[in-house]
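*Asks:* Supplied in structure tokens, the structure appears directly below.
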Amino acid sequence: MTGRKFGWRLAAHWNVYAAVFWVWLGQLPADEASDSRADASMIRQAELVIEHFHAGAPLSEAVIRIVYFHPSDRDPLPQWRSRLTRALDDVQSFYRDELRRLGATRCLLPFERDEDGFVFHLVKGRRPASAYDYDSGNEIEAEIRKATIVEIHFDREHVLILHGLCRSERDEPDETVYAFHSPYYGRGSGAQGVCHAADCERLDPRLFADTESTITYSEHYYPRVEQSLAKFNSWYLGGIAHELGHGIGLPHDFGSPPERVRRPGFALMGTGNHHYREDLWSGRGGAYLSDGSALRLLSSPLLTRSDRDRFEELDANLDPLQFGVNQNAMTIRGSIHASVPAYAVVAYLWRPHRWPGNPQLDHQSISYPALISSGQFELATEKFAPGDYRLRISTLHCNGAQHSNDFHLVVDRSGIPDVRTLNEDWLIRAAERAVRSGTGDAAAKLESIAATSPTGDAKMKLDILRDVLDPPVEVDLTTVSDDIVFLSDATWIQGQVGWGKVQRNLYSFDIENRNSIYIELNHRIFAKGLYAHSPSSFVFDLGGQWRTLTATIGLRDGAHAQGSAVFEVLADGASVYQSDVMRVGDVADISIDVSHVRQIELKATGGEGHSHNSWAVWASPVVSRSPRTE
């Protein structure tokens, strides 16, 4: 039930705040019925494009597989099969009814069934219940993959895992407390996905009507909760519906500003997992499927019943893309060129508590959906409060794939979005693609972008790309007369890295690498540096002519949390510096006396016995003839 920790109490009052906000803007919808017709028109137009793409394709038998997992020392929870049959019937009905309400003609998410109903693959874990917890999702998935290797193809199917990891304990003579030690999260795409959700013996849609009886429990985010069985089932059946959404490719989506005002309740992929079916027992609005989520589902192979291009790699490019300002709101116009037709685009916007934040903590992202016509689209946002935002633009393609680009949007104190920086950012990305592709017009592309007079980081990136096309002459440290030299510009005796190819002043640059190519530490870009994925070694001949080595060291932004590195400097074979184990976000400035040193080696090794995600970089490594200063 991802996202329960983040602002759900505030979200409970969002409709009130949103209504006031839109009244202030003078943009409250005048007619809810006309809005519903507009939704249905958008959905139907998208469906027609998708249907045309899949016309004549063989019928797919894709289904959502269901796994029930329980630990080695416990049986499945009481009445699990009958309860979860009712639960999945309810979740399936929710998606069907919401898609139908929005005007879709293909509405039924297909679960695996036989003549007896839902097919549950029962898997007994290898370990006792005490060995599993919220963070055990990958471990449990690995166990299930091994146990169901013949029946389920995880890399080509959608799998819902329900966990019987809840236990009941006596807290007081008359009180039973339930403890959850279950994963609940998911990941997925149109092609495949896996999601986890929790079971409990009190989980049953029949209990939506029970507002009098209570349940007390503890789980990953909450040490102790007491609530009615009706509310408990809203939360945890909503959790199944929400995590299933992630498993079939839906991101977090708080809904668009207009639909949040005109529709009672909360978007399922926002905070709607806490309000699922709440309308059945509280008199308030429950969960609904947002326009953006519905648009994504339309092309899922689960609904199209077609596998055409389902597992093909998508080649997509937005060009041109233009950001503008209209009365402090932002406009986005673009064209999409792709190997599979795109039918819609959704822009997601959210504000991290502190920039840059974790891009996965997008639980309250506002969505702005629009159709793509003849490869082009246009959409507009509302006005913004000042601050830093993450903007994600996702194009949706007829095979169920999506293509996304993330941006850093800054809104100044007057509420005006900095679209100049966004446009510069996009031009630099276009330059990167041109250089990466190796086409003959790459140099001309760079110069056309230079003519726009980019500033700041954009100018630095452009200069780095120019050096890729026309590398500077390497410097011989034993003969050069300069007082300061970047080692990344110098000739080395030896240069080797643990993954990929050695690079100068770049992190990594080849046509297969889709990550950022620049040397970045804590969101600062360095024009000079050495890519040094562990285990790595760079050896330079100093000729005894230099006095000081300085550098900034760390793991490049974007490395996984499992990555670590230890940096070491050896002077004529003797270690003169060794860092502590460094992880993502750890940065250190070093200054080392290299007087009379003839040969220096810069080494990086994995910090915990492995080199996975050990994205080490030596940023601005400089040798100078000046003495070391403290």
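The values are calculated or read from the model by the stated rules, or taken from the named source; none is laboratory data. Because the structure is predicted, anything quoted here is derived from the model rather than measured. Every residue, glycine among them, receives a Cβ derived from its backbone with ideal geometry; neighbour counts consider all protein chains shown. For the accessible areas, the whole protein counts, side chains as well, though only heavy atoms, and no ligand, DNA or RNA atoms are used. Shrake-Rupley method; radii C 1.70, N 1.55, O 1.52, S 1.80 Å.
*Asks:* Just to be sure, is residue 236 farther than 22 Å from residue 295 by Cβ, in contact with a Cys (Cβ under 7 Å, 6 or more places away or on another chain) and not in a loop (DSSP other than H, G, I, E, B)?
*Replies:* yes
*Asks:* Say whether the condition of being out of contact with any Gly (no Cβ under 8 Å at 6 or more places or on another chain), open to solvent by 50 Å² or more (accessible area, probe 1.4 Å) and modelled with pLDDT under 95 is met by at least one residue in region 90-98.
*Replies:* no
*Asks:* Kindly indicate which of 12, 55 is modelled with pLDDT of 95 or more, surrounded by fewer than 15 Cβ atoms within 10 Å (Cβ to Cβ) and aliphatic (A, V, I, L, M).
*Replies:* So the residue among 12, 55 that is modelled with pLDDT of 95 or more, surrounded by fewer than 15 Cβ atoms within 10 Å (Cβ to Cβ) and aliphatic (A, V, I, L, M) is 55.
*Asks:* Ok, one more. Looking at the structure I just gave you, is residue 534 crowded, with 16+ Cβ neighbours inside 10 Å and in a strand (DSSP E or B)? I'd like the intermediate steps shown before the answer.
*Replies:* Working: crowded, with 16+ Cβ neighbours inside 10 Å: yes; in a strand (DSSP E or B): no.
In short, no.
Here's the yes/no breakdown for (1) buried (at least 22 other Cβ atoms within 10 Å of the Cβ); (2) at pLDDT 95 or above; (3) closer than 23 Å to residue 56 by Cβ:
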{"residue": "301", "(1), (2), (3)": "yes, yes, yes"}
{"residue": "308", "(1), (2), (3)": "no, yes, yes"}
{"residue": "313", "(1), (2), (3)": "no, no, yes"}
{"residue": "319", "(1), (2), (3)": "no, no, no"}
{"residue": "326", "(1), (2), (3)": "no, no, no"}
{"residue": "333", "(1), (2), (3)": "no, yes, no"}
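*Asks:* Taking only region 413-435 into account, find how many residues are farther than 13 Å from residue 320 by Cβ and polar (S, T, N, Q).
*Replies:* Here the count works out to 2.
*Asks:* Residues that are aromatic (Phe, Trp, Tyr), part of a loop (DSSP other than H, G, I, E, B), open to solvent by less than 20 Å² (accessible area, probe 1.4 Å) and in contact (Cβ under 8 Å) with a residue 60 or more places away in the chain: does region 112-132 have at least one?
*Replies:* Yes.
*Asks:* Now for a separate question. Tell me the residue from 220, 196, 242 that is at pLDDT below 95 and within 26 Å of the chain's Cα centre (by Cα), please.
*Replies:* Sole residue among the options that is at pLDDT below 95 and within 26 Å of the chain's Cα centre (by Cα): 220.
*Asks:* Cβ-Cβ distance below 9 Å, separation of 6 or more or different chains: which pairs start in region 52-63 with a residue that is closer than 18 Å to residue 110 by Cα and end on one that is open to solvent by 20 Å² or more (accessible area, probe 1.4 Å) and among the β-branched types (Val, Ile, Thr)?
*Replies:* 63/119
*Asks:* Looking at region 261-269, is at least one residue open to solvent by 30 Å² or more (accessible area, probe 1.4 Å) and either of a type in the set (S, T, N, Q) or closer than 27 Å to residue 61 by Cβ (or both)?
*Replies:* Checked against the condition, which is being open to solvent by 30 Å² or more (accessible area, probe 1.4 Å) and either of a type in the set (S, T, N, Q) or closer than 27 Å to residue 61 by Cβ (or both), region 261-269 yields no hits at all.
*Asks:* Still on this structure, I have one more. Taking region 461-476 on its own, how many of its residues are over 17 Å from residue 434 (Cα atoms) and in a helix (DSSP H, G or I)?
*Replies:* Counting residues in region 461-476 that are over 17 Å from residue 434 (Cα atoms) and in a helix (DSSP H, G or I) gives 0.
*Asks:* Inside region 273-299, can you point out the residues that are among the polar types (S, T, N, Q) and open to solvent by 10 Å² or more (accessible area, probe 1.4 Å)?
*Replies:* Once the filter is applied, which keeps residues that are among the polar types (S, T, N, Q) and open to solvent by 10 Å² or more (accessible area, probe 1.4 Å), region 273-299 yields only 282.
*Asks:* Would you confirm, using the coordinates I've provided, whether residue 424 is surrounded by fewer than 21 Cβ atoms within 10 Å (Cβ to Cβ) and either among the acidic types (Asp, Glu) or part of a loop (DSSP other than H, G, I, E, B) (or both)?
*Replies:* Values: surrounded by fewer than 21 Cβ atoms within 10 Å (Cβ to Cβ): no; either among the acidic types (Asp, Glu) or part of a loop (DSSP other than H, G, I, E, B) (or both): yes.
Here the answer is no, as residue 424 does not meet what is asked.
*Asks:* Testing residue 206 on (1) open to solvent by 20 Å² or more (accessible area, probe 1.4 Å); (2) in a loop (DSSP other than H, G, I, E, B); (3) not aromatic (Phe, Trp, Tyr), one condition comes back false. Which one is that?
*Replies:* Only one criterion is unmet by residue 206, namely (2).
*Asks:* Name the one entry in 151, 139, 169 that is under 20 Å from residue 67 (Cβ atoms) and free of Cβ contacts under 8 Å to residues at least 24 places away in the same chain. If you could, list the steps in order and put the result at the bottom.
*Replies:* Details: 151 fails: free of Cβ contacts under 8 Å to residues at least 24 places away in the same chain; 169 fails: under 20 Å from residue 67 (Cβ atoms).
Checking each option against the conditions leaves just 139.
*Asks:* May I pose another question? Would you please name the residue that is nearest to residue 337 (Cα to Cα), looking only at residues in region 388-415 that are among the hydrophobic types (A, V, I, L, M, F, W, C) and part of a strand (DSSP E or B)?
*Replies:* This residue is 396.
*Asks:* Looking for something more than 30 Å from residue 158 (Cβ to Cβ), open to solvent by less than 20 Å² (accessible area, probe 1.4 Å) and at pLDDT below 95 - is there at least one such residue anywhere in region 349-370?
*Replies:* No, region 349-370 contains no residue that is more than 30 Å from residue 158 (Cβ to Cβ), open to solvent by less than 20 Å² (accessible area, probe 1.4 Å) and at pLDDT below 95.
*Asks:* Further question: State whether one or more residues within region 417-436 are more than 31 Å from the chain's Cα centre (by Cα) and more than 30 Å from residue 367 (Cβ to Cβ). If you could, list the steps in order and put the result at the bottom.
*Replies:* Keep residues of region 417-436 that are more than 31 Å from the chain's Cα centre (by Cα), which gives none.
There is no residue in region 417-436 that is more than 31 Å from the chain's Cα centre (by Cα) and more than 30 Å from residue 367 (Cβ to Cβ).
*Asks:* Considering only region 492-509, state which residues are surrounded by 19 or more Cβ atoms within 10 Å (Cβ to Cβ) and free of Cβ contacts under 8 Å to residues at least 40 places away in the same chain.
*Replies:* 497, 503, 504, 508
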